[in-house]
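What follows is a short report on a single structure.
Taken together, the values in this text are just the output of simple stated rules run on the coordinates, not laboratory data. Note that the coordinates shown come from a computational prediction; the quantities given were computed from them, not determined experimentally. Quick reminder, even Gly has a Cβ in these numbers, built from the backbone with ideal geometry, and neighbours come from all protein chains shown.
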Amino acid sequence: MANQLGAISRWLSEYHVIARYRTRWILAIVFLLLAAAATLTVPIAFRDLVDTGLTSEGINQKFLNLLILAVFLAVVTAGRFYLMSWLGERVVADIRDRVFANMLRQSPAYFETLRTGEVLSRLTSDTTLIQALVGTSVSVALRSGVMFLGALLMMLATSAWLAGIMLMLLIAVVLPLWALGRQVRKMSRTSQDKVADTSALAGEVLNAMPTVQAFVRESYEQARFSKAVRDTFEQACQRIRFRSGLTAAAITLAFSVIVFVLWMGVRQVSSGELSLGELTQFVMYAVLIAGSLGALSEVWGDVQRAAGATERLVELMQAEPQIQGGAVGSSVAVMPELKSTTVIAFDQVNFSYPSRPEMLALNQLSFSVKAGSRTALVGPSGAGKTTVFSLLLRFYAHARGQIEIFGRDVLDWRLDELRKKIAIVPQEPVIFAASAMDNIRYGRLDATDQEVLAAAKSAHADGFISALPQGYDTFLGERGVRLSGGQRQRISLARAILKNPPILLLDEATSSLDAESEREVQRALDEILPGRTSLTIAHRLATVLRADQIVVMDAGQVVESGTHTSLLADNGLYARLAKLQFV
Ligand SMILES: Nc1ncnc2c1ncn2[C@@H]1O[C@H](COP(=O)(O)OP(=O)(O)OP(=O)(O)O)[C@@H](O)[C@H]1O
Ligand SMILES: [Mg+2]
């Protein structure tokens, strides 16, 4: 019990959930206590009515009082409901914000193990459990707890002997049921995990619909999804069965106790030890107690469920990024940036991907790039070219050796400052579900429409964008599904051009273009690249002919470097590749 509540109270305190909305919490609890007090006075009013008879003096006043009590109860109950529900929604909104903010800090390696669909499921379905807990269960628990205690005290005052017997019997009945509640938490966590699996699966399949259909795998995917749904359902059923049994047992036992005590009470009335009004009052309190116990046991189940969900959310909120930036900001870096002639330097760098530690993706890699020069990285597929870019952007941490940018170790750079100096056109262009204008402007959010247009022209994207139905305002579809591969590449290129950084990384930036477009983009690059330091990855060697330096990689190593002519003369790997392409 302690550690279930521990998980919940940890985030309550850690994220100042209580402190931030203190007034509302206090108001809610005040309303709750008032409502409980009002409910607890109802049995007294009834005893009064029963014992003084229905014909006595002041009967009108008594009924009027009862009515006023009802209105008061209604108002404070509504107030409590409003505040508690508000707090539930607020807490969930805060948690979602926090989880998402923390996800944005994580390094790419984090998402190689965690599926995004799973994060989404945690953000939506797990937070809903917590919302139910804060918005409903907490208030039910508080109210029932208060009612339980209040009714118990009032019952003791009405008839200590009867109340004592009832209390002892109830304790004997409730404790074992309480202990069983722990089981619910384990079941809940498994069941939420299954829900996350289902979402992850659906997300993956829906993102790959054309492939699914091209391979006629609809029924295969349907079967996989059905199985996931069935698993989720069965897990939930198990939990529901367990809780139903628990509820049945709780109600049977609690009411047996009440019936037994009532039977004793009736005998006391007939022997004259208790008045009929007192017994009425006692029974009403007993019903209140049974009701609040029933509510508490159900809430206990909810708490157990939410504890399972909270654990998972706390994991997401507390994950620390594997890559931490250094302290070097822009002001410190300006000087070396101006003076240094070597902009990028790899020195004996070794690197393995975290998910494949036994394989060296880069092996003793060394090369350097002069300011304002154009360097090309070429080599067979899987040689490690994209990996070089990932390390420059510090998506991963290298194991040995040193990488310098503007004369400073990348480890010393603040991550955001380092990445502001670099623009990348990735191998797989990323298009957001927005307009062409917004997609290009992603490179620099404060760019004017004219600047966006100029960047699009440089990337030779202006022509096809203008021809789209709504021009630059045309919605490009999720992941840019409404564009061709080459068009996506040019949008991606325009975005990088708009960012206008000192270093430009082009990963197969023109690979999907036809020869003519490629030549045009190449010409555009010739216009924008001078003065800028660029690293270009290319399989088509025609695109690297004009590079100042060509670095040839194979199996994570630099095998040779030089200019097109010197490499041809060396008659190595480059010459071999060139022979295949240029004859
Ligand atoms: N995230 C990753 N986790 C584990 N291994 C990876 C990861 N990304 C790439 N690799 C592996 O690292 C090696 C180098 O990959 P890289 O993407 O750098 O190749 P590349 O030279 O860019 O190839 P291509 O020309 O096909 O794009 C490959 O063997 C690849 O399987
Ligand atoms: Mg690559």
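Computed values, structure above
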| item | result |
| --- | --- |
| For residue 560, distant residues with modelled amide H under 5 Å away | 552 |
| Unit charges at the beta carbon, dipole of segment 501-583: most positive-side option, 533, 566, 506 | 566 |
| Under 5 Å, built H, 5+ apart or other chain: amide partners of residue 537 | 377, 506, 507, 508, 509 |
| Residue-by-residue Karplus 3J(HN,Hα) for segment 219-231, coefficients 6.51, -1.76, 1.60, Hz, glycine and proline x | 6, 4, 5, 4, 5, 4, 5, 4, 5, 4, 5, 5, 4 |
| Farthest positive-ward along segment 2-318 dipole, Cα basis, beta-carbon charges - from 310, 164, 264 | 310 |
| Sorted by Cβ density within 10 Å, fewest first, the residues 82, 285 | 82, 285 |
| Within the chain, percent of DSSP bridges classed antiparallel, to nearest 5 | 50 |
| Å³ per residue enclosed by the Cα convex hull of the chain | 217 |
| Those lysines that a straight Cα-Cα span of less than 19 Å connects to residue 579, excepting residues fewer than 8 apart in one chain | none |
| Per-residue HN-Hα couplings for segment 196-204 [Karplus 6.51, -1.76, 1.60; θ = phi - 60°; Hz; x = Gly/Pro] | 4, 4, 4, 4, 4, 5, 4, x, 5 |
| Cα long-axis angle, helix 22-52 against the chain (0 to 90 degrees, to the nearest 10) | 20 |
| Whole-angstrom Cα spans of segment 2-318 along principal axes, big to small | 85, 39, 34 |
| Helix axis angle, 330-339 relative to the chain longest principal axis, alpha carbon, degrees | 10 |
| Charge dipole (debye, nearest 20) of the chain; +1 at Cβ of Lys and Arg, -1 at Cβ of Asp and Glu | 440 |
| Whether segment 479-545 is rounded, prolate or oblate, judged on the alpha carbon gyration tensor where a/c under 1.5 counts as rounded | oblate |
| Per-residue HN-Hα couplings for segment 83-94 [Karplus 6.51, -1.76, 1.60; θ = phi - 60°; Hz; x = Gly/Pro] | 5, 5, 5, 4, 4, x, 4, 5, 4, 5, 4, 4 |
| Nonlocal amide H pairs with residue 343, under 5 Å, H built at 1.01 Å | 369, 370, 371 |
| In Å, descending, principal axis extents of the Cα set of segment 207-271 | 86, 14, 12 |
| Mean ellipticity per residue at 222 nm, deg cm²/dmol - from DSSP H runs of n ≥ 4 across the chain, formula -39500 (n - 2.57) | -21500 deg cm²/dmol |
| Listed residue (64, 236, 208) projecting farthest to the positive dipole end of segment 2-318, Cβ model | 208 |
| Sorted by Cβ neighbour density within 10 Å, fewest at the top, the residues 186, 385, 499 | 186, 499, 385 |
| Residues 504, 153, sorted so that the one with the fewest Cβ neighbours within 10 Å comes first | 153, 504 |
| Degrees between helix 573-582 axis and first principal axis of the chain (Cα, 0 to 90, nearest 10) | 80 |
| Lysines whose Cα lies under 26 Å from that of residue 227, excluding same-chain neighbours fewer than 8 positions away | 186, 194 |
| Set of lysines with alpha-carbon distance to residue 420 below 29 Å, sequence-local pairs under 8 removed | 339, 370, 385, 457, 499 |
